[in-house]
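Asker: For reference, the structure I am asking about is given below.
The values are calculated or read from the model by the stated rules, or taken from the named source; none is laboratory data. The structure displayed is predicted, hence computed values, not measured ones. No Cβ is skipped: glycine too gets one built from the backbone with ideal geometry, and neighbour counts run over all protein chains shown.
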Amino acid sequence: MENEMGGNYWCGHKILDPSDIERQFSNEDGLNFLDVSTNEYLSTERSAQLDQVRTVLGDIPAREADFVELYFFQKVRQTSIASIFNVSQPTVCYRLQRAAARIKYLLDIPPYDPYRIEQDLSGVLGDPVDVRIMLGMIKTTCQSEVAKEMGVTQGFVRHRYLRSVSSLERVTGMSNYVDLFNHVSSNLNILREVQRAKWNEPVIHLIS
């Protein structure tokens, strides 16, 4: 049945074409913080920024890295990327936005040397467990992953992490590490890949 206002209706409910839904969620500027034009010409500064992005693509989920490569470097539109990977355009948009957040975090993180950190923190914190926690948090930004890897609780990781940061703040010459760990603290779970439920997956309700 067709309504004079346009669109199909069934039992009082409007039926939307999938392409209409796609347009509602469309956002071709998901990585607008990079301010990249699709023109052939890129300024020297912009080219250098894109080169920096390439250096961290290996540190984000592989699928997101593929999307960034196609969208920014190959200039493929989101709708085309969605077709290539057999996903929806909103999914491509979401993953590009997540990639943007991860890339920004990785580009903004203060430079560090894991081996040097281990040596320096061992001299200040003393307990190897605390050093492992701090290194794990830099690598994953996720206390649950660190807890799982070490076989301890998340509460234990959180307590020891905050205690270690507090200890470093009181030691002269540790300001660079304090900045590093504060950057991690401000971006918890940024490197964690969360699997979102698909729209066509069944929803299971548990009734007690």
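Asker: So in the stretch 162-192, with the set limited to residues that are surrounded by 13 or more Cβ atoms within 10 Å (Cβ to Cβ) and β-branched (Val, Ile, Thr), which one is nearest to Ser144 (Cα to Cα)?
Answerer: So the residue we want is Ile190.
Asker: A further question follows. Counting only residues that are touching a Phe, Trp or Tyr at 6+ places or on another chain (Cβ under 9 Å) and closer than 15 Å to Asp59 by Cβ, which one in the stretch 138-154 is surrounded by the most Cβ atoms within 10 Å (Cβ to Cβ)?
Answerer: Thr141
Asker: Take Gln143 and tell me if it is in the same structural domain as Val56 (by TED's automatic domain parsing), under 24 Å from the mean Cα position of the chain (by Cα) and of a type in the set (S, T, N, Q).
Answerer: no
Asker: For the stretch 92-120, how many residues meet the condition of being in a helix (DSSP H, G or I) and either modelled with pLDDT of 95 or more or within 14 Å of the chain's Cα centre (by Cα) (or both)?
Answerer: Looking only at that region, the number is 17.
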